[in-house]
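Asks: There's a structure below that I have some questions on.
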Amino acid sequence: MKNADCIFCKIVDKKIASGIVFENEKILAFKDLNPKMRVHYLFIPKVHYDSLAHIPPQEMAVMSDLYAAIKQVSENEGFAQSGYKTQINTGRGGGQEVFHLHVHLMAT
Ligand code: AMP
């Protein structure tokens, strides 16, 4: 499902350009516009969820799909050994600004 007003849904549909670094059937990853570290990617499900708090219990496998993609990219790009961090901002109080579930992946 897509949300017509959602900027990340538009990135999934390639209506807005982004620096895509990974894509499979379920997940898309692209470069953050305002990188906080040398590597700063956003991993999103192609299906729209407003946030982590909005995933129905029976659809939590999407988190596994996201982290499997993160693991693959960290290995392919060679920073799995040196290390990286992931972050999920959830809700306004959690610092979330874009309301399409995403995981930040950052590495030096
Ligand atoms: P959050 O605070 O977790 O919602 O983070 C949203 C992130 O999305 C921020 O780090 C923004 O820099 C990033 N962002 C917003 N719009 C775009 C875009 N069109 N392409 C890439 N990154 C974006």
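Asks: On the accessible surface of the chain, probed at 1.4 Å, how many percent belong to carbon and sulfur atoms?
Replies: Values: 3220 of 6330 Å².
Carbon and sulfur: 51 percent of the exposed surface of the chain.
Asks: Let me ask another. How big, on average over all directions, is the shadow cast by the Cα convex hull of the stretch 40-93, in nm²?
Replies: Values: hull surface 17.8 nm².
In nm², the orientation-averaged hull projection of the stretch 40-93 is 4.4.
Asks: Once you put a point 7 Å from the Cα of Arg92 and another 7 Å from the Cα of His40, both along the Cβ direction, what distance in nm separates them?
Replies: 2.3 nm
Asks: Can you compute the modelled spin-label distance between Ser64 and Ala17, with each label point 7 Å from Cα toward Cβ, in nm?
Replies: About 3.8 nm, to one decimal.
Asks: May I ask you to order 61-73, 25-37 by the average number of other C-beta atoms within 10 Å around their residues, highest value first? Mind showing how you got there, number by number?
Replies: Values: 61-73: 16.5, 25-37: 14.6.
With the highest mean Cβ count within 10 Å placed first, the list reads 61-73, 25-37.
Asks: Calculate how large, on average over all directions, the projected area of the Cα convex hull of the chain is; give the answer in nm² to one decimal. Intermediate results must be reported in sequence, preceding the final value.
Replies: Details: hull surface 26.9 nm².
With the hull built on Cα positions only, its mean projection is 6.7 nm².
Asks: Helix-derived [θ] at 222 nm for the chain: sum -39500 (n - 2.57) over DSSP H runs of at least 4, divide by residue count, nearest 500?
Replies: Computed mean residue ellipticity for the chain: -6000 deg cm²/dmol.
Asks: Treating the beta-carbon of each Lys and Arg as +1 and of each Asp and Glu as -1, no other charges, what is the dipole magnitude of the chain about its Cα centre, to the nearest 20 debye? All intermediate terms of the calculation are to be shown ahead of the outcome.
Replies: Values: 12 positive and 11 negative charges, 48 e Å.
With only Lys, Arg, Asp and Glu charged at Cβ, the dipole is about 240 debye.
Asks: Separate question: Any idea how far apart Asn24 and His54 come out in nm if each label point goes 7 Å out from Cα toward Cβ?
Replies: Distance between the two pseudo-spin positions: 2.4 nm.
Asks: Compute the accessible area per residue over the chain, keeping the other protein chains in place, probe 1.4 Å, unit Å².
Replies: Values: 6330 Å² over 108 residues.
With all protein chains present, the chain gives 59 Å² per residue.
Asks: Going from the alpha-carbon gyration tensor of the stretch 1-62, what semi-axes, largest first and in whole Å, does one get by taking the root of 5 times each eigenvalue? Mind showing how you got there, number by number?
Replies: On the way: eigenvalues 82, 40, 25 Å².
After scaling each eigenvalue by five and taking roots: 20, 14, 11 Å.
Asks: Rounded to the nearest 10 degrees, what's the angle between the helix 61-76 long axis and the longest principal axis of the chain, both from Cα atoms, 0 to 90?
Replies: Once rounded, the angle reads 30 degrees.
The values are calculated or read from the model by the stated rules, or taken from the named source; none is laboratory data. All values derive from a computational prediction rather than experimental measurement. Heads up, the Cβs are rebuilt from the backbone with ideal geometry, glycines too, and the neighbour counts pull from every protein chain shown. SASA here: full protein model, heavy atoms, side chains in, ligands and nucleic acids out. Shrake-Rupley method; radii C 1.70, N 1.55, O 1.52, S 1.80 Å.
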